[in-house]
1. Under unit Cβ charges (Lys, Arg +1; Asp, Glu -1), what dipole magnitude, rounded to 20 debye, does the chain have relative to its Cα centre?
2. Would you calculate, for the chain, the mean residue ellipticity at 222 nm contributed by helices, counting each DSSP H stretch of 4 or more residues as -39,500 (n - 2.57) and dividing by all residues, to the nearest 500?
3. Between the stretch 403-466 and the stretch 280-317, what is the separation of their alpha carbon centroids in Å?
4. Cα axis of helix 418-429 to longest principal axis of the chain: angle in degrees, 0 to 90, nearest 10?
5. For a quick protection proxy, order the peptides 240-252, 122-134, 217-229 by their average other-Cβ count within 10 Å, most packed first.
6. So which lysines pass the test for K381, namely a Cα distance under 20 Å, with those fewer than 8 places away in the same chain ruled out?
7. Suppose we take every Cα in the stretch 352-466 and form the convex hull; what volume per residue is that in Å³?
8. How many percent of DSSP beta bridges within the chain run antiparallel, rounded to 5?
Amino acid sequence: MSTTGTSSFVVVANRLPVDRVSTADGTTTWRRSPGGLVTALAPVMRAYDGAWVGWTGSPDDAPEPFSTDDMDLVPVPLSAEEIALYYEGFSNATLWPLYHDVIVQPEYHREWWDAYRAVNQRFARAAAEVAAENAVVFIQDYQLQLVPRLLRELRPDLKIGFFLHIPFPPTELFAQLPWRRQILEGLLGADLVGFQRAGAASNFESLAETFASARLVDESLVLDDGREVLARSFPISIQVEEVARLAADPEVQQRAATIREEVGSPRYILLGVDRLDYTKGIGHRLKAFGELLAEDAITPEEAVLVQVATPSRERVEAYQTLRDDVELAVGRINGDYGRIGHPAVHYLHSSYDRSELVSLLLAADVMVVTPLRDGMNLVAKEYVSARADLRGALVLSEFAGAADELGEGAFLVNPHDIDGMKRTMLTAMRLEPAEAEQRMKLLRDRVTSHDISRWATEILTALRAI
Ligand code: ADP
Ligand code: G6P
């Protein structure tokens, strides 16, 4: 057993929840980073006064452990080669496409797997060093699926939870993975394995029975040594209060009004906010919007689409191809239907601070969230939280985890059905205020009563109860 540390709650995630900011005098500070994972866990970290083990995001960057924003941060270094093999390779060109329904073909390379194993081992060692005796360790996401088992080997005293933020695929897809047994055994090192949707938890249970000699007895998976592992869904959420507070801020509201003017005061603003990722269905959305313009169902004076596409994983080939495809589609639509000073699509390839993001949410009449597959989709929940005015409509893909909870108030769509999406976008634009209000109430009831602190309490209570 390695020596123990002092933290009684440890989060282990691929990324630290901060970005490095260089100041004019050459010194470095850290600022909380955007992204679903960070948005979700930062408040929990603060509440539990824990340590967070993760990578800074830069190659060969291993500052000593430090504290910021009330969190103890423990950096794990990755070399440039490991970033290429473990992060861009196995995590984002093998697991990400495999777990998202093979929208893009996953690549299987033994070198990438070797790097994934080695890096998972490093994260497990770092966690073992900071965790106090009998600590709770909470491991995040697909980049670190081997850590539960590796950590248990180093520190059998720990209580280990794992949460997968992305979908977990059915047997027909998962079975492609040459290292399927090792991944399942890695996850089975945890006491509790959490998923976004119930279907993902049952996919995991049947795969663990098929490929990893676990047996499902009552609600638990029982392993050969008699240890039990619980697999369950815990749909993640957002910090509702943070979004609501920003949405109530007069400056944020004024900025929303200015945004409306800046895009030409159209009757309808449709909004998409996504990482530029092929899972998000941005191309399908553009196709539907472009066809509505082509058929004169809407005019560019009447409706504009604002599409925020956050730069993401830019060295991975499929993301480069996607960027080209999306930008070509935006260029075509604007070339065909835009006029000087009046593009039909306002395309923004950039990151924004939270207040600007909430201003965009307030400016939007229709929020279009149309992923081909998504673990949850926090943007859908953020839109709902921002709309205390009970206006606006949410068009939501049935392939987003959020559809389980928001199906009643949202307009559900199949993003592959372009005609269906066009009809639904028109319906959402032309919604009567009374129905909009009724739907938004339903949506807000769900999101307000199931925020991120409830998620954290439920999953950590379930873990502690084991
Ligand atoms: P994913 O985790 O796949 O990126 P989610 O919708 O679950 O998708 O979470 C994305 C998070 O990142 C949300 O909290 C959203 O507000 C934030 N976000 C997305 N795009 C931007 C952007 N351009 N600027 C700032 N924050 C963004
Ligand atoms: C999704 C994943 C996270 C990941 C985030 C940003 O939300 O579930 O694990 O951190 O995307 O992706 P990146 O590759 O930039 O960390």
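1. For this selection, approximately 260 debye.
2. When only DSSP H runs of four or more count, the value is -12500 deg cm²/dmol.
3. Between the Cα centres of the stretch 403-466 and the stretch 280-317 lies a distance of 21 Å.
4. 70 degrees
5. Ranking the peptides 240-252, 122-134, 217-229 by packing returns 122-134, 240-252, 217-229.
6. Cα-Cα hits under 20 Å: K280, K441.
7. 115 Å³
8. Roughly 25 percent of the beta bridges in the chain run antiparallel, per DSSP.
Since every read-out is calculated from the coordinates, none of them should be taken as a lab result. Since we're looking at a predicted model, the values are computed, not measured. A quick note on method: Cβ atoms are made from the backbone with ideal geometry, for glycine too, and the neighbour counts reach across all protein chains shown.
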